[in-house]
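To start, the structure itself, in structure tokens.
The values are calculated or read from the model by the stated rules, or taken from the named source; none is laboratory data. Computed from a predicted model, the values in this text were never measured in an experiment. Reconstructed Cβ throughout: ideal geometry from the backbone, glycine too, with neighbour counts over all protein chains shown. Ligands, DNA and RNA are excluded from the accessible area calculation, which covers all protein heavy atoms including side chains. Shrake-Rupley method; radii C 1.70, N 1.55, O 1.52, S 1.80 Å.
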There are 2 protein chains.
Amino acid sequence: MGISDRKEREKEELRDSILAAAKELFLEKGIDKTSIRNIADKIEYSPGIIYHHFRDKNEIFHALHQDGFMTLQNKMEVLNSVRNPLERLKAMGSIYIRFAMENPDMYDLMFIKEAPMDHLFDSEHDDWKEGGGSFNGLRMTIKECISQGYFEGHDSESLSYLVWSAVHGLVSLNIRKRCEVIELEKRNTIVQEGLEAFFKILDKL
Amino acid sequence: MGISDRKEREKEELRDSILAAAKELFLEKGIDKTSIRNIADKIEYSPGIIYHHFRDKNEIFHALHQDGFMTLQNKMEVLNSVRNPLERLKAMGSIYIRFAMENPDMYDLMFIKEAPMDHLFDSEHDDWKEGGGSFNGLRMTIKECISQGYFEGHDSESLSYLVWSAVHGLVSLNIRKRCEVIELEKRNTIVQEGLEAFFKILDKL
DNA sequence: AATATAAATGAACACTGTTCAATAAATCAA
DNA sequence: TTGATTTATTGAACAGTGTTCATTTATATT
């Protein structure tokens, strides 16, 4: 009947407004300083209501990290037009790094923070669908590279993980403030230069 | 005079005991669940005393992260006996990754957690000596590689950062539970296999 | 209008990091 | 040895945290 339809719609709207408030607070203050009470204040409800929509704080940030994967996947869609797999791999790296540098807090949540993974292991179905989907795009591209004669002698799974590790390393060391070690005049461009060095290496393989 | 000597010694002993207690708690419960009161309980002092030896919680964990760099630097000392710079670079990578996998919590504190860097930027002298020293070892080895004809066309700073990024990526994705995406039968060995793929690439350069 | 169901509340619990006036202990001077 | 001074240590207080759940309020059904 119509009433329970509306009720479910209203429930979902409230859930969405919790997430919207959480996202806003998260982006301006970080995960630790975003409290349940802050979120409740923002949507003008009492703190308790949040626990009728989410098991705990981690579940909220797991939901937000899903948001991040949606936008990342959208940005990856242009790759369909890149025929050559090596070129596609490089474009993938560029998009990945641009996403990370333009959305450092969201990247941090998706690939560094413990909260979304902690939620996964607390819940029953503990496979990381979001990351798995993204990684599969990389894996397929690498496999295509290998089948076209690139990267001879390499195993696709290990190489995919290494490629991911390289680009993740470039951005995550930057996001977590470990670029202090880089010469001052190069510090602002080191991620991009690291990526270019990586491309140079890919070309030689 | 002798009394103030003893006093200073006692003060340092108390500081050390705070750090020892913090380290123990940190290794078994993590940074968030290690509270000032827990540490105080462990050394049988009141919580307030900790703030006479450390500005805040971040300073304690900055001191612990220094500990970690000491042990890492010790492990790196065997590299002095490796003459060929490319071989030395590979050995460096192996030691780095072994350290990370054998001491994941300490590695996390040194290269992923925000606490030690936050302390740095709160204090006046904001250069990361510990990381800088370690990175310089890598930089020197890469420079030697280049001067011996390896890695032609590469800039030493960018390449050093890329190499660091690659090995950091390998271990940090694992430590922060992002290896879920790897095929189950390869999941336990993926870091090592990623490193071997990396070595294979270095050889082709 | 009375009853049953669902939604929302806010007080309570056991914590957290941090500060600081008050206390206790140790040292110095007479 | 006693009194004054300095140093070390305390623990209560503040303003917060995530989470739970009996109670209340609002909505829907009979």
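Taking each DSSP H run with n ≥ 4 as -39500 (n - 2.57) and averaging over every residue of chain A yields -23500 deg cm²/dmol at 222 nm. With a cut-off of 12 Å between beta carbons, the residues surrounding B:R55 carry a summed charge of -4, where Lys and Arg count +1 and Asp and Glu -1. Label-to-label distance for B:L14 and A:D5 is 7.1 nm, based on points extended 7 Å past Cα in the beta-carbon direction. Distances from A:D203 to itself in the other copies, using label points 7 Å out along the Cα-Cβ axis, amount to 2.5 nm in increasing order.
Inter-chain neighbour count for A:148-154: the average number of beta-carbon atoms from partner chains within 10 Å of each residue's beta-carbon is 2. Note on region A:43-76 and region B:55-134: Cα centroid distance 34 Å, given to the nearest whole angstrom. If you average the alpha carbon positions of region B:183-197 and of region A:168-183, how far apart do those two centres end up, in angstrom? Using only Cα atoms, the two centres lie 24 Å from each other. For the chain pair A and B, buried accessible area totals roughly 4600 Å², probe 1.4 Å, rounded to the nearest 100. Charge dipole (Cα centre; +1 on Lys/Arg Cβ, -1 on Asp/Glu Cβ; no other charges) of chain B amounts to roughly 380 debye.
For the segment A:190-203, counting C-beta atoms of other chains within 10 Å of every residue's C-beta and taking the mean gives 5. Sorted from closest to farthest, the other copies place their A:T189 label points 4.3 nm away, with each point set 7 Å from Cα along Cα→Cβ. Where chain A is carried onto chain B by rotation, the Cβ closest to that axis, with its residue and distance in Å, is A:G169, 2. Heavy atoms of the protein chains alone define the surface here; on that basis chain B has 50 Å² accessible area per residue at 1.4 Å probe size.
Excluding same-chain neighbours fewer than eight residues apart, the lysines reachable from B:K200 by a Cα-Cα span under 22 Å are A:K90, A:K143, A:K200, A:K204, B:K90, B:K143, B:K186.
Along its principal axes, chain A has C-alpha extents of 62, 47, 29 angstrom, given from the largest down. Between A:E183 and B:H52, the distance separating the two model label sites (each 7 Å from Cα on the Cα→Cβ line) works out to 4.8 nm. With the charge dipole of region A:57-204 set up from +1 on Lys and Arg Cβ and -1 on Asp and Glu Cβ about the Cα centre, the Cα lying farthest toward the positive end among the listed residues A:A115, A:N80, A:S160 is that of A:N80. Between copies, the label points at B:H52 (set 7 angstrom from Cα along Cα-to-Cβ) are spaced 5.1 nm, reported in nanometres from shortest to longest. Projected label points at A:D41 and A:D203, each 7 Å from Cα along the beta carbon direction, are separated by 5.4 nanometres.
Treat the protein assembly as shown as a sphere of radius equal to its Kirkwood radius over Cα pairs and apply Stokes-Einstein at 10 °C in a medium of 1.306 mPa s; give the translational diffusion coefficient in µm²/s, rounded to a whole number. Reported coefficient: 68 µm²/s.
When peptides A:156-163, B:130-137 are ranked by their average number of other Cβ atoms within 10 Å per residue, the highest-first order is A:156-163, B:130-137. So which trypsin sites (Lys or Arg not before Pro) in region A:62-124 pass both tests, a DSSP loop state and at most 14 other Cβ atoms within 10 Å of the Cβ? In loop regions of region A:62-124 (DSSP not H, G, I, E or B), the sparsely surrounded trypsin sites (Lys or Arg not before Pro) are A:R83. Per-residue mean of foreign Cβ neighbours for A:126-133 is 3 (Cβ atoms of other chains, 10 Å radius).
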